[in-house]
Amino acid sequence: MILLFLTMLYDWAPPFKITPDSAPVSSGNPQLLISDNQGKVWFTWFEDHWPNRWFVLARFFEGGTLSPPDTVMPECLVMSLKGLTRDRNGDVWVLGDDDFSIWTKYYNGSQWSDSLDIPTFPAANTGSVSGSDSMGNYWVAWSTDYFRLLSIYSCYYDGNSWSPRYQVSNKPGDAVACGMATASTGIPWLAWTCLNGNPDSMYVSTFNGSGWSGAINIDGGLDVSRYPTAFMEASITDSSIFVSYRKSNGTIYVLRFISHSQQPETLWVNDAFERAPSLVCDNLGQLWLFLLDSLSQYEYRLHYAIWNGDSVSTPAFVDTFNAYDTRATYEPSLHRIWVSYKDSPIGNPTIYATYTSLEGIDEKRSVIYQRNFSFVCMPNLIRDEATIKFVIPRKTDIILTLHDIMGKMVRKISDGEKTEGTYCEKISLKNHPCGVYFLRLKAGNSTINRKLLLIR
């Protein structure tokens, strides 16, 4: 049995746009983000200027401001955005391919380098990914079907030249690299899938210094129709490697690897969400999962859950609807967790981002100082009951009410004068219909709203 724990609900910054309104963002390519070591959070996306112009663009967030968009990859007839990686020195690398060749470039703190061609012979096909190791090497892995010699290869760039190519697999099928991460021990890990021969199976390999280890078959029956097939993430605090994936029966798995020689530990199994959750680790040793469930074919809700070393928390809302294709990163300079997403899986979506601080006590004090009060509802995904906690820094009149999605008040929870202190209210919603509700706390001239979802 997988146990759930209730944890502190984090306050998320109001989502803000990453892409300009006129940008024809591709719905079929991932948008990516990463934090460097200089206080910048980077965003990249792919623009489809139909019929024959494609670009990869990037911009960064620093000090509360977004930089102007910068064209990173040049115009090309067929191109895809594949990777965004931070190396040991903090340089940010972008990876793209056109199904026949792969190229990359990096930002060294002041400007983008020239494009570096990657020696991918046998020719690249699809499924390229990137990563870095603790020696400062930049890694790329790709799949190939050169004369039907189906396989995955890899190589690394040491700052001067590319290493020899290392073969990762030669399974009899369309092997596709789908995730790369480096353990704190410096060992690169690669997750990849094989779509024929042993149908829709996932494997994990590690690099031992001279070649890739024998592949571990994690599971079969993957849901390969939903890109990406899997996410892979390395812990900041220990040697753990995490992998998430979704099977064709709708079940999501999150696994933890301690070493390549040991069987993985299953951290979480769930069938209530769409797609494999994107993953990110913080400096407290926690693993963050960003999850999607659907309101309709084109509307998705964004949730987060946290593995604290023992169990996974009850999923809670990130404060937004219409989120799709999520990516996450940890910002070390300010101890923030970031998540970016598209607002639609079709058409020309807009990319948004939001973040939350791990400095929970300091941030709560800041919120109280600026807004004069604060409150949370635990959990905000509820079945029957919820606990509302609010802090009043000084004597004031408060009104706490519950509203439906149309804004109509359906219940008054608390009303009257409160002295300085922390208060808790428990409410039962057994007699209310399922759906979206808003809690509204008014104190003096200030008002804060919190969203919750009632399910059965």
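Descriptive notes on the structure:
- Among Phe61, Ser205, Thr19 the positive-end extreme of the charge dipole of segment 4-362 (Cβ point charges): Ser205
- The protection proxy used here, the mean number of other Cβ atoms lying within 10 Å of each residue, ranks peptides 341-351, 423-433, 304-314, 396-406 as follows, highest first: 341-351, 304-314, 396-406, 423-433.
- Calculated from backbone phi, Karplus (6.51, -1.76, 1.60) coupling profile of segment 13-23 in Hz, x at Gly/Pro: 5, x, x, 10, 6, 9, 9, x, 4, 8, 6
- For the set Lys412/Lys442; Lys395/Lys442; Lys395/Lys430; Lys105/Lys171, the pairs lying more than 22 angstrom apart at their alpha carbons are Lys395/Lys430; Lys105/Lys171.
- Length-normalised contact order for segment 275-345 - Cα pairs under 8 Å, 6+ apart - percent: 27 percent
- Each Lys and Arg contributes +1 and each Asp and Glu -1, all at the Cβ; summed about the Cα centre of segment 4-362, the dipole is approximately 440 debye.
FYI, it's all coordinate maths here, none of it is from the lab. Fair warning: this is a prediction, and the values are worked out from it, not measured in the lab. Cβ: placed from backbone, ideal geometry, glycine included. Neighbour counts: every protein chain shown.
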